[in-house]
């Protein structure tokens, strides 16, 4: 059963992949603090536990929620998040996102979607950072090539997305070593 929580409207701008046109979309979502407030109002005997685990430079947060800690048959849910921590607030944000996911699974959301706007923004930001890092590493590898054979070997190891972005650099290096 979905709970009616306070919703915030946000207008998102995006580029349509098919047409290349910029469009806007209005999204209604319930902020995690609003969902938490409603949860505690409805479940004063509830319980929220979070547990971080650090592995391979990433933090995995697990949030476990009980609607009534004194009732073994109460509703419960678990939410997880995974992310990097480049500053001290990232750790707190990951914990909040895990709680938000667990709340959404209990029905504390503005729509049927499990991922909140904050979660999707965080995920997209993480994916972009990951792509940027991969591109930087690829540029470094390719720029460090000492001859045409090494350029060819390095180039063959790249995924298509990297190849598309570095075609110009590859051609420059090929000209450099061809002379």
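The values are calculated or read from the model by the stated rules, or taken from the named source; none is laboratory data. What you are looking at is a predicted structure, and each value in this text was computed from that prediction instead of being measured. In this analysis, Cβ positions are derived from the backbone assuming ideal geometry, glycine residues included, and neighbour counts consider all displayed protein chains.
Brief remarks on what is shown
- Of the residues making up the stretch 37-51, those that are touching a strand residue (DSSP E or B) at 6+ places or on another chain (Cβ under 8 Å), closer than 15 Å to residue 100 by Cα and at pLDDT below 95 are 38, 39.
- Scanning the stretch 165-179 for residues that are under 16 Å from residue 133 (Cα atoms) and out of contact with any helix residue (DSSP H, G or I) (no Cβ under 9 Å at 6 or more places or on another chain) returns no hits.
- Hits in the stretch 41-68 - residues which are more than 17 Å from the chain's Cα centre (by Cα) and surrounded by 14 or more Cβ atoms within 10 Å (Cβ to Cβ): 43, 46, 47, 48, 50, 64, 65, 66, 67, 68
- Selection from the stretch 38-65 of residues that are without any contact (Cβ under 8 Å) to a residue 24 or more places away in the chain and in a helix (DSSP H, G or I): 40, 41
- Qualifying position, being closer than 15 Å to residue 106 by Cα, out of contact with any strand residue (DSSP E or B) (no Cβ under 6 Å at 6 or more places or on another chain), in a loop (DSSP other than H, G, I, E, B) and in the same structural domain as residue 107 (by TED's automatic domain parsing), among 34, 68: 68
- Among the residues of the stretch 144-179, the ones that are assigned to a helix (DSSP H, G or I), surrounded by 13 or more Cβ atoms within 10 Å (Cβ to Cβ), over 26 Å from the mean Cα position of the chain (by Cα) and in contact (Cβ under 8 Å) with a residue 12 or more places away in the chain come to 9 in all.
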